[in-house]
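What follows is a single structure, written as structure tokens, with notes after it.
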Amino acid sequence: VPLPRRTSSFIEDGFDERELVSRAATDPGAFATLYRRYVHRVHGYIYRRTGSRDVAEDVTSATFERALRSIEGFEWRAGGFGPWIFRIAANELADHHRRQARAGSPRAHRAVHALHSVTQEEIDERSEVGADLDALRTALDRLNPRYQRALELRYLASLSHEDAARAFGASKATFAVVVHRATAALRKVIDAHARAARIAEGRAR
Amino acid sequence: MTTKNDVREGLRQLGGADVPEPRAAFVELLEERLTAIASTPPSVENAARAQVFRPRRPRLALAPMLAATILVVALVVGVALDRNTASAALELHAPVNVEVILPDGRVVRGVDGMRLPDGARLVIGSSGSVRVGERLLREGDVAVVVDGRLEVTEPSPPVTTDPRDAATTTVPVRAGPPTNAAEAPQPTEAPDVPAPRPAPTEPPATTAAPEPTRPPATTTTTRAEPSSLDLQLTVLEGRNVKLTWRSIPGATRYAIVRTTSETDAAPAEPVYPAQPPSYLVAENATSPWSQPVPAGVRAVRYRVIALDSTGRVIATSRFVGTEFPA
């Protein structure tokens, strides 16, 4: 008997998502099925953005708890449950960044984060994916929340362009424009950071 | 100078970067917490607030009728709130190893502050305890909520399988509650007292399997099978595992999900739809079904799911499992 391959790919559970959503407000089992279908993707999305497993778990929890409390008001639209849950995740992620920013200056926050919230395991994982990605995350932190959300949904959520636009709450055309501007803004941030690094390096010499 | 394409490429790399799977314990605990939240009735405070802040409709011409209606509604609401207040007083405080069997048959882990609806049953597991109002329940206690009051009953004795069946089961078999939340078990088949489910990280002592070498009559002690699938596990020669189950009317196929452990820790409970650490090992199995367990696996758990022609789950079995010597 062939053994199952260890894979994180999803196995279709055969449930009609629209029906699950319609039952989810009153049937915890239906919500649990939706949860199992999306928890890995939502966690992955948040992990990519934050690079921290702990934060990813916190924000994933908050996302699904909010989804559960709001499912009654969910209206089925094109794209279904996915864009909706990712929209909640993006909002929770923005809330997380906001809370962190409030907790202290970005520099202090990064120092505290580096000291306390990153485990050795995470450091190892980070070095695997490369320091460049960390730099990109830091640059993303400096964008305004709307631009952050657009780029996160476009590139980190593994959503189609249409679903990312739905999750963002805009038409496809508007979303494309926002992503374009956000990319330009991110480029400026990266360049500014590189210039600052060069100047600091020159002074050090 | 960075180009836009560089930025896009960087973002694509970030989006395509490998991410670790969420911890199985986290996924399981969050699901339990969500299920507990979803199963908790709306709080009395919210109901009262909803009454207080309900917008007024100034239909003065209908004042007498409105007053009468309000009186009736107030009476009904008053009675309902009174009943709810009694139930709302039943909250779990500091639960340790407590399982709650909800009226629809679902089994969830007891969490602090969880309110118990009428018909809910509490099972206090090994070294467990919980305070509910003034009552302190301890290991082995079983309590039921009846009309907003907690009634503590004697724990049901475990059901020992027929020795004739036991003769065919020469390995420890552990059964667990059917927690596939997608399909609640039939009320008539719900167990009186399901076996306490082990915590994902540290299983309670009561769930530890007996030694594989112990006689079958003592190793097959298990709880009553709530599902008519009546899943049984037998270890054949070598590391082959055989599963047998009863057919379910309306089922057109049976799927099997499995979890394994390569350490001393108990495997997670297999769930369907399979998500790591649960894996689908058969989509269209027939009883009896067998499979070799890979070398290195110390413990394994299986669950069988009956599906109808549309792919809908119509029944799930308890999980069964066994351990292999290191």
Options B:Ala306, B:Ala295, B:Ala282; residue that is touching a residue at least 40 places away in the same chain (Cβ under 8 Å), within 13 Å of chain A (Cβ to nearest Cβ), among the small types (Gly, Ala, Ser) and under 30 Å from A:Glu17 (Cβ atoms): B:Ala306
State all residues of region B:12-37 that are within 7 Å of chain A (Cβ to nearest Cβ), open to solvent by less than 20 Å² (accessible area, probe 1.4 Å) and closer than 18 Å to B:Asp112 by Cα; if no residue qualifies, say none. B:Leu30, B:Leu34, B:Thr35
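Quick one: count up the residues across region B:311-326 that are part of a loop (DSSP other than H, G, I, E, B) and modelled with pLDDT under 80.
Taking region B:311-326 as the starting set, the residues that turn out to be part of a loop (DSSP other than H, G, I, E, B) are B:311-312, B:317-319, B:324-326.
Right, trim to modelled with pLDDT under 80 and you get B:311-312, B:318, B:325-326.
Going through region B:311-326 one residue at a time, the tally reaches 5.
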Under the condition of being open to solvent by less than 20 Å² (accessible area, probe 1.4 Å) and touching a Ser or Thr at 6+ places or on another chain (Cβ under 6 Å), which residue from region B:254-275 is farthest from the other protein chains (Cβ to nearest Cβ)? B:Pro267
Taking region B:118-146 on its own, how many of its residues are under 18 Å from the mean Cα position of the chain (by Cα) and not in a strand (DSSP E or B)? 2
So which of A:Thr63, A:Thr50 ends up being over 13 Å from B:Leu30 (Cβ atoms) and within 13 Å of another protein chain (Cβ to nearest Cβ)? A:Thr50
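Name the residue that is most open to solvent (accessible area, probe 1.4 Å), counting only residues in region A:47-61 that are part of a helix (DSSP H, G or I) and within 23 Å of A:Asp132 (Cα to Cα).
The first filter runs over region A:47-61 and keeps only residues part of a helix (DSSP H, G or I), leaving A:47-50, A:53-61.
Now restrict to residues that are within 23 Å of A:Asp132 (Cα to Cα): A:47-50, A:53-56.
Values: A:Tyr47: 14, A:Arg48: 34, A:Arg49: 4, A:Thr50: 21, A:Arg53: 30, A:Asp54: 66, A:Val55: 18, A:Ala56: 0 Å².
This residue is A:Asp54.
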Filter region A:156-166 down to the residues that are aliphatic (A, V, I, L, M) and more than 14 Å from chain B (Cβ to nearest Cβ) and list them by number. A:Ala165
Filter region A:147-205 down to residues that are among the hydroxyl-bearing types (Ser, Thr, Tyr) and part of a helix (DSSP H, G or I) and give me whichever is surrounded by the fewest Cβ atoms within 10 Å (Cβ to Cβ). A:Thr174
Take the residues in region A:25-47 that are more than 8 Å from chain B (Cβ to nearest Cβ) and within 24 Å of the chain's Cα centre (by Cα); name whichever of them is farthest from A:Gln100 (Cα to Cα). A:Leu34
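Would you call B:Ser227 open to solvent by 40 Å² or more (accessible area, probe 1.4 Å) and either modelled with pLDDT under 80 or in a strand (DSSP E or B) (or both)?
Working: open to solvent by 40 Å² or more (accessible area, probe 1.4 Å): no; either modelled with pLDDT under 80 or in a strand (DSSP E or B) (or both): yes.
So B:Ser227 does not fit the description; no.
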Restricting attention to region B:1-11, and to residues there that are facing chain A (nearest Cβ under 7 Å) and of a type outside the set (A, V, I, L, M, F, W, C), which single residue is nearest to A:Val55 (Cα to Cα)? B:Gly10
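The values are calculated or read from the model by the stated rules, or taken from the named source; none is laboratory data. Quantities reported herein were computed from a predicted structural model and do not represent experimental measurements. Because the Cβ atoms are built from the backbone with ideal geometry, glycine has one as well, and the counts that use them run over all protein chains shown. All accessible areas refer to the heavy atoms of the entire protein, side chains included, with ligands and DNA or RNA removed. Shrake-Rupley method; radii C 1.70, N 1.55, O 1.52, S 1.80 Å.
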